[in-house]
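Heads up, the thing below is written out as structure tokens.
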Amino acid sequence: MAPGAALQAHLESGTTTLCRAWAVVRADGAAFGFTDHDRPLSFEGIDFKADSGLSAAAISQATGLAVDNTEAVGVLSDAALREDDIQAGRFDGAAVTAWLVNWADVDQRLVQFRGTLGEVKRSSGAFQAELRGLTEALNQPTGRVYQTPCAAVLGDAACGFDLDTPGYAAEIAVEAVEDRKLFRFAALAGFDDRWFERGRLRVLSGAAEGLVGLIKNDRLTAEGRSLELWQALGAAVAEGDTIRIEAGCDKRAGTCRLKFNNFLNFRGFPHIPGEDWLMAYPTDGQLHDGGSLVE
């Protein structure tokens, strides 16, 4: 008998052995399993812990394109979800799957929810996380926008540039850091001033391993180099931790052509008329032959 049919027969029997199970898979691949049963369960390669302090509210589902939603509530625990990991943003956007399970035969189960973690609130040793359904993605704008700057992200599939190309990234140990936001190096030669501005800083080791920050400022002076992030990292970075810093792109056509030699993949419209042209009107003394306005 198929698992779905077996579960249906179990539900119709009138005497059930049911529980719920949730799996949370972070972007870095770390997986966490939870169940409201009093014993641990295991299926699909995930161990679901009992009494782990996680429960879920009723799942709201609808036909059509409405966004399914629910929320998960739990107690922060070093054995399950740690507060410093949530604070660091490691669970942001994590994939969530919820099942209705026959704990006497875990092959009899039904997926009730698939989605991602949304906003996570923390207070008094507990957390409350919004769960967003798969149709949440339909709320995001899609398609290309006619604009002068490039719409691609440096290094993504649309851009096509390989950031492992020599001269465009560096791995280095942290020498001095302030407020998890400002990094200073006595010597980081071989890169022009502001080379890493608008780039990314990735932490490769230490308590903040896996976190990524966007570089706001990159200044090269006689004393060395300083990098400032737009926002402080979610976990502490210590001296000696290894980081990777990647070249930045200001989305301009000239930068794409001269800095990255990647103009064939430029995803902007550098010659699109600006607001001044849209508001212009004919005047005496100008040439009105219908020719190109771009010189």
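If you go through the range 93-110 and keep only what is surrounded by fewer than 16 Cβ atoms within 10 Å (Cβ to Cβ) and either at pLDDT below 85 or in a loop (DSSP other than H, G, I, E, B) (or both), you end up with 93, 104, 105, 107.
Can you find even one residue in the range 247-262 that is of a type outside the set (Lys, Arg) and touching a strand residue (DSSP E or B) at 6+ places or on another chain (Cβ under 8 Å)? Scanning the range 247-262 turns up at least one residue that is of a type outside the set (Lys, Arg) and touching a strand residue (DSSP E or B) at 6+ places or on another chain (Cβ under 8 Å). Note on the range 116-128: residues that are surrounded by 15 or more Cβ atoms within 10 Å (Cβ to Cβ) and either at positive phi or more than 16 Å from the chain's Cα centre (by Cα) (or both) total 1.
Just for the range 206-241: of the residues that are among the β-branched types (Val, Ile, Thr) and within 17 Å of residue 188 (Cα to Cα), which one is surrounded by the fewest Cβ atoms within 10 Å (Cβ to Cβ)?
221
Please determine whether any residue of the range 132-144 is modelled with pLDDT of 80 or more and part of a strand (DSSP E or B). No, because not a single residue in the range 132-144 is modelled with pLDDT of 80 or more and part of a strand (DSSP E or B). Quick one: residue 135 ticks every box in (1) surrounded by fewer than 16 Cβ atoms within 10 Å (Cβ to Cβ); (2) farther than 29 Å from residue 254 by Cα; (3) under 22 Å from the mean Cα position of the chain (by Cα); (4) not assigned by TED's automatic domain parsing to the domain that holds residue 27 except a single one, so which number is it? Unmet condition: (4). The condition (being of a type in the set (Asp, Glu), touching a strand residue (DSSP E or B) at 6+ places or on another chain (Cβ under 9 Å) and outside the structural domain of residue 30 (by TED's automatic domain parsing)) is satisfied by just one residue among 179, 276, 164, 218: 218. Just one of the numbered conditions (1) among the aromatic types (Phe, Trp, Tyr); (2) farther than 30 Å from residue 175 by Cβ; (3) surrounded by fewer than 16 Cβ atoms within 10 Å (Cβ to Cβ) is not true of residue 266: (3).
Which of the residues spanning the range 247-261 are more than 21 Å from the chain's Cα centre (by Cα) and touching a residue at least 12 places away in the same chain (Cβ under 8 Å)? Correct list: 252, 253, 256, 259, 260.
The values are calculated or read from the model by the stated rules, or taken from the named source; none is laboratory data. Fair warning: this is a prediction, and the values are worked out from it, not measured in the lab. Please note: Cβ atoms are built from the backbone with ideal geometry, for glycine as well, and neighbour counts cover all protein chains shown.
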